[in-house]
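Heads up: the structure comes next, in C-alpha coordinates.
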Amino acid sequence: MKTLLALALVTFFTVSSLHSQTAAEYTALKAEAEKFFAEKSYGKANEVYAKAKALTLSANDTRWVEFRLADTQWRSASATQQADTTKQDQARQALEVMVRDITREEDKDRVWVEVKESLGDFWWMRKNSVNWHPAWANYQQALEWWAGAKDVDEARERYLSIVRRSARPAQAERYYYYGYYG
(Lines give C-alpha, C1' and ligand atoms only; values in the text may rest on other atoms or scores of the structure.)
Protein backbone atom coordinates (compact mmCIF):
# COMPACT_ATOMS: atom_id res chain seq x y z
CA MET A 1 0.00 0.00 0.00
CA LYS A 2 2.86 2.35 0.90
CA THR A 3 4.67 1.66 -2.36
CA LEU A 4 1.50 2.33 -4.32
CA LEU A 5 1.04 5.66 -2.53
CA ALA A 6 4.71 6.57 -3.09
CA LEU A 7 4.42 5.67 -6.78
CA ALA A 8 1.29 7.81 -7.14
CA LEU A 9 3.02 10.78 -5.48
CA VAL A 10 6.10 10.46 -7.70
CA THR A 11 3.89 10.26 -10.80
CA PHE A 12 1.88 13.30 -9.69
CA PHE A 13 4.96 15.44 -9.07
CA THR A 14 6.59 14.32 -12.32
CA VAL A 15 3.49 15.22 -14.35
CA SER A 16 3.07 18.58 -12.62
CA SER A 17 6.77 19.32 -13.14
CA LEU A 18 6.51 18.51 -16.86
CA HIS A 19 3.38 20.66 -17.15
CA SER A 20 5.10 23.67 -15.58
CA GLN A 21 8.13 23.18 -17.86
CA THR A 22 5.83 23.06 -20.90
CA ALA A 23 3.95 26.16 -19.75
CA ALA A 24 7.19 28.06 -19.21
CA GLU A 25 8.53 26.92 -22.58
CA TYR A 26 5.30 27.96 -24.33
CA THR A 27 5.33 31.35 -22.62
CA ALA A 28 8.87 31.98 -23.83
CA LEU A 29 8.08 30.81 -27.37
CA LYS A 30 4.92 32.91 -27.53
CA ALA A 31 6.77 36.03 -26.37
CA GLU A 32 9.46 35.48 -29.00
CA ALA A 33 6.92 34.83 -31.76
CA GLU A 34 4.81 37.87 -30.84
CA LYS A 35 7.97 40.00 -30.91
CA PHE A 36 8.62 38.82 -34.46
CA PHE A 37 4.97 39.42 -35.36
CA ALA A 38 5.13 43.00 -34.06
CA GLU A 39 8.24 43.53 -36.20
CA LYS A 40 6.30 42.15 -39.20
CA SER A 41 8.73 39.21 -39.44
CA TYR A 42 5.91 36.81 -40.17
CA GLY A 43 8.09 33.97 -41.47
CA LYS A 44 10.15 33.93 -38.28
CA ALA A 45 7.01 34.13 -36.14
CA ASN A 46 5.58 31.18 -38.07
CA GLU A 47 8.72 29.12 -37.38
CA VAL A 48 8.52 29.83 -33.65
CA TYR A 49 4.81 28.99 -33.50
CA ALA A 50 5.54 25.74 -35.35
CA LYS A 51 7.85 24.83 -32.44
CA ALA A 52 5.09 25.74 -29.97
CA LYS A 53 2.63 23.48 -31.80
CA ALA A 54 4.77 20.47 -30.86
CA LEU A 55 4.16 21.16 -27.14
CA THR A 56 1.28 19.81 -25.10
CA LEU A 57 -0.90 22.89 -24.61
CA SER A 58 -4.28 23.80 -23.18
CA ALA A 59 -7.23 24.06 -25.57
CA ASN A 60 -7.08 27.88 -25.61
CA ASP A 61 -3.33 27.94 -26.22
CA THR A 62 -3.72 25.35 -28.98
CA ARG A 63 -6.36 27.52 -30.69
CA TRP A 64 -4.08 30.55 -30.43
CA VAL A 65 -1.14 28.67 -31.94
CA GLU A 66 -3.28 27.32 -34.78
CA PHE A 67 -4.58 30.83 -35.46
CA ARG A 68 -1.12 32.39 -35.48
CA LEU A 69 0.26 29.65 -37.71
CA ALA A 70 -2.39 30.32 -40.36
CA ASP A 71 -2.19 34.10 -39.89
CA THR A 72 1.58 34.29 -40.20
CA GLN A 73 1.55 31.83 -43.09
CA TRP A 74 -0.61 34.02 -45.33
CA ARG A 75 1.09 37.24 -44.23
CA SER A 76 4.53 35.78 -44.92
CA ALA A 77 3.49 34.33 -48.28
CA SER A 78 1.83 37.57 -49.39
CA ALA A 79 5.03 39.50 -48.75
CA THR A 80 6.80 37.52 -51.46
CA GLN A 81 6.61 38.20 -55.18
CA GLN A 82 5.35 34.71 -56.05
CA ALA A 83 2.34 34.34 -58.31
CA ASP A 84 1.34 31.06 -56.62
CA THR A 85 -1.21 31.82 -53.89
CA THR A 86 -1.58 28.23 -52.65
CA LYS A 87 -0.11 28.89 -49.19
CA GLN A 88 -2.23 32.01 -48.79
CA ASP A 89 -5.39 30.15 -49.79
CA GLN A 90 -4.61 27.25 -47.44
CA ALA A 91 -4.13 29.70 -44.57
CA ARG A 92 -7.39 31.50 -45.42
CA GLN A 93 -9.26 28.19 -45.42
CA ALA A 94 -7.76 27.25 -42.05
CA LEU A 95 -8.83 30.61 -40.62
CA GLU A 96 -12.35 30.27 -42.02
CA VAL A 97 -12.68 26.81 -40.48
CA MET A 98 -11.72 28.23 -37.07
CA VAL A 99 -14.71 30.61 -37.04
CA ARG A 100 -17.16 28.81 -39.31
CA ASP A 101 -19.29 27.13 -36.66
CA ILE A 102 -19.22 29.84 -33.99
CA THR A 103 -22.65 31.44 -33.77
CA ARG A 104 -23.27 32.07 -30.06
CA GLU A 105 -22.08 35.44 -28.77
CA GLU A 106 -20.45 33.94 -25.69
CA ASP A 107 -18.24 31.75 -27.91
CA LYS A 108 -16.83 34.79 -29.73
CA ASP A 109 -13.58 35.21 -27.80
CA ARG A 110 -10.22 36.86 -28.42
CA VAL A 111 -9.11 34.22 -30.91
CA TRP A 112 -12.37 34.64 -32.84
CA VAL A 113 -11.93 38.40 -33.21
CA GLU A 114 -8.27 38.02 -34.18
CA VAL A 115 -9.27 35.53 -36.88
CA LYS A 116 -11.94 37.91 -38.18
CA GLU A 117 -9.44 40.76 -38.31
CA SER A 118 -6.90 38.54 -40.07
CA LEU A 119 -9.48 37.50 -42.66
CA GLY A 120 -10.36 41.15 -43.23
CA ASP A 121 -6.69 41.93 -43.75
CA PHE A 122 -6.39 38.93 -46.05
CA TRP A 123 -9.00 40.31 -48.42
CA TRP A 124 -8.09 43.99 -48.11
CA MET A 125 -4.36 44.36 -47.47
CA ARG A 126 -2.75 41.84 -49.82
CA LYS A 127 -1.11 42.99 -53.02
CA ASN A 128 -3.40 42.64 -56.03
CA SER A 129 -6.35 41.71 -53.82
CA VAL A 130 -8.20 44.76 -52.44
CA ASN A 131 -11.53 42.91 -52.26
CA TRP A 132 -13.70 45.11 -50.08
CA HIS A 133 -16.86 43.06 -49.65
CA PRO A 134 -15.38 39.97 -47.96
CA ALA A 135 -12.97 42.23 -46.08
CA TRP A 136 -15.82 44.35 -44.71
CA ALA A 137 -17.84 41.29 -43.70
CA ASN A 138 -14.97 40.33 -41.38
CA TYR A 139 -13.91 43.83 -40.32
CA GLN A 140 -17.47 44.72 -39.34
CA GLN A 141 -17.73 41.77 -36.96
CA ALA A 142 -14.32 42.56 -35.46
CA LEU A 143 -15.30 46.22 -35.00
CA GLU A 144 -18.51 45.21 -33.23
CA TRP A 145 -16.58 42.90 -30.90
CA TRP A 146 -14.02 45.59 -30.05
CA ALA A 147 -16.81 48.12 -29.51
CA GLY A 148 -18.11 45.94 -26.68
CA ALA A 149 -14.75 44.95 -25.19
CA LYS A 150 -14.11 45.62 -21.50
CA ASP A 151 -10.49 46.81 -21.86
CA VAL A 152 -11.30 50.24 -23.28
CA ASP A 153 -7.72 51.32 -24.01
CA GLU A 154 -6.86 48.23 -26.01
CA ALA A 155 -10.28 48.23 -27.69
CA ARG A 156 -9.84 51.85 -28.79
CA GLU A 157 -6.41 51.12 -30.23
CA ARG A 158 -7.55 48.01 -32.10
CA TYR A 159 -10.79 49.60 -33.33
CA LEU A 160 -8.99 52.62 -34.76
CA SER A 161 -6.33 50.38 -36.28
CA ILE A 162 -8.99 48.52 -38.26
CA VAL A 163 -10.65 51.76 -39.32
CA ARG A 164 -7.33 53.22 -40.53
CA ARG A 165 -6.42 50.08 -42.46
CA SER A 166 -9.82 49.89 -44.08
CA ALA A 167 -9.73 53.57 -45.07
CA ARG A 168 -6.25 53.34 -46.60
CA PRO A 169 -4.96 49.93 -47.68
CA ALA A 170 -1.24 49.23 -47.57
CA GLN A 171 -0.81 49.30 -51.34
CA ALA A 172 -2.47 52.71 -51.76
CA GLU A 173 -0.46 55.20 -53.78
CA ARG A 174 0.22 58.74 -52.56
CA TYR A 175 -2.32 60.21 -54.94
CA TYR A 176 -5.18 57.94 -53.81
CA TYR A 177 -7.87 59.84 -51.99
CA TYR A 178 -10.33 58.68 -49.35
CA GLY A 179 -13.01 56.68 -51.11
CA TYR A 180 -10.79 55.84 -54.07
CA TYR A 181 -11.89 52.23 -53.84
CA GLY A 182 -15.57 53.05 -53.83
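The values are calculated or read from the model by the stated rules, or taken from the named source; none is laboratory data. It should be emphasised that the depicted structure is a prediction, and the values quoted were computed from it without experimental measurement. In this analysis, Cβ positions are derived from the backbone assuming ideal geometry, glycine residues included, and neighbour counts consider all displayed protein chains. Protein only, heavy atoms only, side chains kept; ligands, DNA and RNA dropped before computing areas. Shrake-Rupley method; radii C 1.70, N 1.55, O 1.52, S 1.80 Å.
For segment 134-162, which positions are within 19 Å of V99 (Cβ to Cβ) and acidic (D, E)?
Selection gives E144 alone.
Which one is nearest to V130 (Cα to Cα) among residues in segment 42-66 that are of a type in the set (V, I, T) and open to solvent by less than 20 Å² (accessible area, probe 1.4 Å)?
V65
This table checks each residue for (1) open to solvent by less than 50 Å² (accessible area, probe 1.4 Å); (2) of a type in the set (G, A, S).
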{"site": "R68", "(1), (2)": "yes, no"}
{"site": "D71", "(1), (2)": "yes, no"}
{"site": "R75", "(1), (2)": "yes, no"}
{"site": "A79", "(1), (2)": "no, yes"}
{"site": "K87", "(1), (2)": "no, no"}
{"site": "R92", "(1), (2)": "yes, no"}
{"site": "V97", "(1), (2)": "no, no"}
{"site": "R100", "(1), (2)": "no, no"}
{"site": "T103", "(1), (2)": "no, no"}
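Among the candidates A52, A79, A94, which residue alone is within 18 Å of N138 (Cβ to Cβ) and touching a residue at least 24 places away in the same chain (Cβ under 8 Å)?
Of the residues listed, the single one that is within 18 Å of N138 (Cβ to Cβ) and touching a residue at least 24 places away in the same chain (Cβ under 8 Å) is A94.
Please specify each residue of segment 71-104 satisfying the condition of being out of contact with any Phe, Trp or Tyr (no Cβ under 8 Å at 6 or more places or on another chain) and among the β-branched types (V, I, T).
If the condition is that a residue be out of contact with any Phe, Trp or Tyr (no Cβ under 8 Å at 6 or more places or on another chain) and among the β-branched types (V, I, T), then T80, T85, T86, V97, T103 are the ones that fit.
Consider segment 53-74. How many of its residues are under 14 Å from the mean Cα position of the chain (by Cα) and either farther than 25 Å from G120 by Cβ or among the aliphatic types (A, V, I, L, M) (or both)?
So the answer is 3.
Among (1) part of a loop (DSSP other than H, G, I, E, B); (2) of a type outside the set (S, T, Y); (3) over 30 Å from K150 (Cβ atoms), where does D89 come up short?
Failed condition: (1).
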